[in-house]
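A.B. asks: Shown below is the structure under consideration.
Only the coordinates and a few stated rules stand behind these numbers; no lab work does. A quick note: this is a predicted structure, and the numbers were derived from the prediction, not measured. Because the Cβ atoms are built from the backbone with ideal geometry, glycine has one as well, and the counts that use them run over all protein chains shown.
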Amino acid sequence: MNRIRNIEGMLPQPKGPFSDAEALELLMAYRKDPSNVPCPRCGPEQIEVLAFIEPEIDPNGFASVTYPEGEYAAALYCHSCCRAVGILAGATHEAED
Ligand SMILES: [Zn+2]
């Protein structure tokens, strides 16, 4: 989950990451309905999509902001528990295994 750690620099002072299990929950919820992604800990209406970023982050940990088309990742932030996560939100052929 280096990917998540790498993008934290661009997020508003997250207090920590989501666990892998929580990140998966967020991913499933996002794919079902991007406008309704509840925080696994805090419930609905806390998560904000901060930015859409390139799914591949360069070796310097720099994530490029992109458009939510094709393959992209979404940077999610919970305003309640102040945690942030990047999920692969767009269509991708290298699905989670
Ligand atoms: Zn939360």
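A.B. asks: Identify all residues within the stretch 23-39 that are under 24 Å from Gly70 (Cα atoms) and in contact (Cβ under 8 Å) with a residue 12 or more places away in the chain; write none if there are none.
C.D. replies: Of all residues in the stretch 23-39, those under 24 Å from Gly70 (Cα atoms) come to 23-38.
Hits for the stretch 23-39 are Ala23, Leu24, Glu25, Leu26, Leu27, Tyr30, Arg31, Pro34, Val37.
A.B. asks: List the strands (runs of 3 or more DSSP E) inside the stretch 15-97, counting only whole elements, that have at least 1 residues being surrounded by 11 or more Cβ atoms within 10 Å (Cβ to Cβ), within 13 Å of the chain's Cα centre (by Cα) and aromatic (Phe, Trp, Tyr). Please lay out each step first, then the result.
C.D. replies: Working: elements: 47-53, 73-78, 83-88.
Strands (runs of 3 or more DSSP E) meeting the threshold: 47-53, 73-78.
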